[in-house]
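Derivation of every value follows stated rules applied to the coordinates shown; laboratory data play no part. Note that the coordinates shown come from a computational prediction; the quantities given were computed from them, not determined experimentally. Backbone-built Cβ (ideal geometry, glycine too); neighbour counts: all protein chains shown.
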Amino acid sequence: MDEEEVVEREGGLNTTEKTDTDNQETINQEIENSRLRVVDLEGLLEVEKKSSAELQKELDTAREREEQTLLYNAEDLTLNQLTSELAKLKEKVTSGSRHKDELVEYRIRALNEEISDMKCNIRALKELVLKREINLDTAQTNLVVSEAGFEKLSSSIVG
């Protein structure tokens, strides 16, 4: 082999080594890019978990509000029925005997107490419904903020 062939072969070996080095660098960059993508996806998964939990909480709050509203409506209906019965009893008082009058007056007092208790319960339920509405509004606001953060994070990952 002459000197020219030796130089030519050494040049070919250097090119092969350079190609191997370039390939290894490319592989290392791809591994690092994949690792960063996994970290980004894990972050997105956490955001999704939090959003899902917040949505479930909002749904639970809405269900509670609906139950309280139904309870309030039922008590309101009962109050109306008691008020109607009271009016009928008052009519009997004006037209009945003394004994009947005493029984009716006793029943009227009892009904008035029930009505008073129902009014207190209704006020308490109205306050509870108002507090739950405030909590729901707060949860909805927090959800909107979380979604905006998620959109920002998502667009920064994609972009």
Within a Cβ distance under 13 Å of Thr26, other residues only, what is the Lys/Arg minus Asp/Glu net charge? -4
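Given the rule -39500 (n - 2.57) for each run of at least 4 DSSP H residues, summed and divided by the residues of the chain, what is its mean residue ellipticity at 222 nm, to the nearest 500 deg cm²/dmol? Before the final figure, lay out each step's value.
Numbers: 2 runs with 154 residues, N = 159.
Estimated from H runs of four or more residues: -37000 deg cm²/dmol.
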Tally Lys/Arg at +1 and Asp/Glu at -1 over every other residue whose Cβ is under 13 Å from the Cβ of Gly149; what's the total? -3
So how strong a dipole does the chain carry about its Cα centre when Lys and Arg Cβ are +1 and Asp and Glu Cβ are -1, to the nearest 20 debye? 2900
For Rg and Dmax of the Cα atoms in Å, several values are listed as (1) 25.6, 99; (2) 39.1, 142; (3) 21.6, 76; flag the one computed from this structure. (2)
With the dipole of the range 32-126 defined by +1 on each Lys or Arg Cβ and -1 on each Asp or Glu Cβ, the option from Thr83, Leu45, Ser34 whose Cα lies farthest towards the positive pole is Thr83
Leaving out same-chain residues fewer than 8 places away, which lysines sit with a Cα under 26 Å from that of Lys50? Lys131, Lys152
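Applying a 10 Å radius around every beta-carbon, put 32-42, 135-145 in order of their mean neighbour count, most first. Walk me through the numbers on the way to the answer.
On the way: 32-42: 10.7, 135-145: 13.5.
Answer by packing, highest mean first, reads 135-145, 32-42.
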